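The values are calculated or read from the model by the stated rules, or taken from the named source; none is laboratory data. Quick caveat, the model's predicted, so the values are computed rather than measured. Every residue, glycine as well, gets a Cβ built from its backbone with ideal geometry; the counts of neighbours run over all protein chains shown. These accessible areas exclude ligands, DNA and RNA; they are computed on the full protein's heavy atoms, side chains included. Shrake-Rupley method; radii C 1.70, N 1.55, O 1.52, S 1.80 Å.
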Amino acid sequence: MRYLADTSIWAWAQKRSRLDIREKLADRYEAGQVVTCVPVILEAMHRPESSAAYRQQFDQVFAPLERLPLEGSSVERALEVQRRLADESDGGHRRPAIDFLIAAAAEAAGAEVVLWSFDRDFEVICEHTGQPGECEESTGAGH
């Protein structure tokens, strides 16, 4: 099993209040189970405050990871999922655009890639698409 760790996982792993997420991310990273995609990198890499910090974080954290491609068919799938959510419920489509792209990259990679997040938006998208997802809970236990 491989895990596409969303930006929310990377952010929560930095917080002292969620050592469980930090440990799980470290374990999965060391086991070679964490993958990424360009939209996650773009979101996560806006945080470094200097070019040196940017280079260091990118080189140490994201450069070693396998990058899932975001091809044209995945971009179209992201739009399709958003449109279907809009059709199924008022406001169901009102999720960040980048979340649809990240979910589409994970879905295109197949069932062996789990979209791992701390974000209800991804939980809704995964429920709709039927793709594997793991959403961390605010209490510290995952499901």
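Annotations for the structure displayed:
- Residue that is farthest from ALA104 (Cα to Cα), among those in the range 74-94 that are free of Cβ contacts under 8 Å to residues at least 12 places away in the same chain and not in a helix (DSSP H, G or I): ASP90
- Note on the range 1-50: among residues that are assigned to a strand (DSSP E or B) and either of a type in the set (Lys, Arg) or open to solvent by 10 Å² or more (accessible area, probe 1.4 Å) (or both), the one that is nearest to ASP99 (Cα to Cα) is TYR3.
- The range 51-79: number of residues that are open to solvent by 60 Å² or more (accessible area, probe 1.4 Å) and out of contact with any Pro (no Cβ under 9 Å at 6 or more places or on another chain): 12
- Only one of the numbered conditions (1) over 18 Å from GLU137 (Cα atoms); (2) at pLDDT 95 or above is not met by HIS46, and that is (2).
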